[in-house]
Amino acid sequence: MKFWIIYFAWFILSSNLWATQLDSTNPPSADELASYASQQEMKFIESQLANLENLSEIEKQQLRRLIIDIKIRESKNIAENEQRLKQVQSEIKQQQWIASTFQTKPENIIKTRQLTEEVDRAQQAPIFKVTHLNHTLEINLNEPKAIDIPIAINWGATIIFVDRFGSPFPIQSIGDFTGNKFTLNSTEIIEQNNVLTVINNISYTKGNASIFLAGQNLPLMLTFTSNQEVNTSRLIIRVQQISPLTQQESIKPVSAEGVNRTLYQIADYQIPADAKSLYLSHNIGNAWLKDGFILLRTPYLLLSPYTPEALESHTNGIENVYRLPFYSQMLLNINSKKVMVSVSKEPMQQININQSTEGVKHG
C-alpha cells in the first residue's frame, strides 16, 4: 500500500513541479520512497492526495518537498523524519494563514479582533458586583465567640489586630484549619506582625483559624466564608486586652472603656457618614463636625480646651483623637511650642507648621 501511494503521488506531482525547480536531479523511484517513509508521513501524503484538486500551489510544493526528502533519507532516523513532517505541516498552516489574512478586508479583521476581546472580557467579568467592607470590631478574648469574615471568590481580606488603645497586637502563632480553601499569611507584612491576609481560593466553602496574640493564652477564633458578593477588604479587630507594645504611661485616657466609640472609628480611619469636614488654619491633622462636637485626629497634643474624651492610637503611628465642643480656636503643643489653631466650617488658607510654630494672630 505504501508503495502505490507514493508512486501515485510522485506521478501526479512530477509532471508540473519537478521540471520547474530540480531539472538536474533524478526523480526517486517508488521503491526508494516506500522504503524510507514513516507511517505518519504516509498518512499525511494519503490525506493530501485525497484532496489533491483543492490543494493550492503552495501546498503542492510542500508535498513535493516532503517526497524529495524521503529520497535522501538513508542516513536519517525516524525521529528526524517526524520532526521534518511537523515542520512541513507548520509551514503549510503559516502560508494558509497569510493567504487568508491578506484576502480578508481590514474592517473584517478589526471586527474579528473586537469580538474576540469582548468574549474574553465577558468570560473574565464577575457575575455579581462585589461589596467591599471596611470596619472595626471590638472583641474580648474572654468571650469565646467566632468572628465570621466573608471573602469574595478570588479576593482577599486584610485583618489588622490592635489593642483597645490602638497599639499593634502582634500575632504569636496561627492555627490554620482551612486546608487549601484559603491562604493565610502574616509573616513579614509589617514589622509589628499584627496583620493577617486571607485569600479565598475555592468557591462556596468555609474554613476557620485560631489566632494566638502575643502574651495571651486564649485564641481569637476566625471563620471564613466564601461567597460571590461581599468581601472584607479591611477589618480592624480591636481587642480589649492590652498589647505588650502599649506603654501604659503614654495612655492619656484614664479609662479606655469610658471613651466615646466614635473615637475608635476616627482612630481607625472610618469616618462616620454624617460627619462633615472642618477646616484648620494649620496642617496639624484632620477635623470633623458631628452632633455639634469637633472630632480631631492629630499627632500633636491638645492643650486647650480641655476634654476628657481623648484617645491615643497607634493604628497608623502615634496619633491623638479628641472629641470636644465646637470652638473657633484650639491650643496645641507642636514640637514643644504652643500654637493657636483656628477651626472653621468654611475653607481657609492653611499654614505649614514647619514654617510657623508661634501661632496665628486673629483679630
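Every number here is computed from the coordinates shown, using simple stated rules; none is lab data. All figures in this text were calculated on a predicted structure; none of them were measured in a lab. Backbone-built Cβ (ideal geometry, glycine too); neighbour counts: all protein chains shown.
Extension gain for PHE177 to THR116 (0.36 nm times residue separation, less C-alpha to C-alpha distance): 17.8 nm.
Residues whose amide H lies under 5 Å from that of ILE294, counting only those 5 or more places away or on a different chain, are LEU324, PHE326; hydrogens are built 1.01 Å from N in the peptide plane. Take the Cα of ASP148, step 7 Å toward its Cβ, do the same at THR131, and the gap between the two points is 1.3 nm.
Note that the stretch 334-343 has calculated 3J(HN,Hα) couplings of 10, 6, 6, 10, 7, 10, 8, 10, 8, 10 Hz, one per residue in order, obtained from phi through the Karplus relation 6.51 cos²θ - 1.76 cosθ + 1.60 (θ = phi - 60°); glycine and proline are x. Charge tally around LEU289: other residues with Cβ under 10 Å, Lys/Arg +1 each, Asp/Glu -1 each, net +1.
Dimensions of the stretch 131-239 along the principal axes, based on C-alpha atoms and rounded to the nearest Å, stand at 35, 29, 25, largest first. Exposure proxy shown here: for ARG323, ARG234, the number of other Cβ atoms within 10 Å sets the order, fewest to most, as ARG234, ARG323. Scaled against the 2.2 N^0.38 Å expected of a compact globular protein of N residues, the Cα radius of gyration of the stretch 193-312 reads 1.36. Scanning residues 5 or more positions from TYR300 or on other chains, those with amide H under 5 Å from its amide H are ASN320, with H placed 1.01 Å from N in the peptide plane.
Provide the FRET efficiency to the nearest 0.05 for the GLN349-ASN260 pair, computing r from the beta carbons and using R0 = 35 Å.
Details: r = 31 Å, r/R0 = 0.90.
After rounding to 0.05, the efficiency reads 0.65.
For ASN208, the residues 5 or more places off, or on other chains, whose built amide H falls under 5 Å of its own are PHE177, THR178, PHE224. Here the residues SER173, SER313, SER342, ranked from fewest to most Cβ neighbours within 10 Å of their Cβ, fall in the order SER173, SER342, SER313. For TYR306 and SER203, the difference between the fully extended length at 0.36 nm per residue and the C-alpha to C-alpha distance is 31.8 nm.
Neighbour counts of C-beta atoms inside 10 Å place TYR300, TYR204, TYR264, TYR322 in the sequence TYR204, TYR300, TYR264, TYR322, starting with the fewest. Mean silhouette area of the stretch 271-344, derived from the convex hull of its C-alpha atoms and averaged over all directions, reads 4.8 nm². A simple spin-label model places the labels of SER56 and LYS337 8.1 nm from each other, with each point 7 Å out along Cα-to-Cβ.
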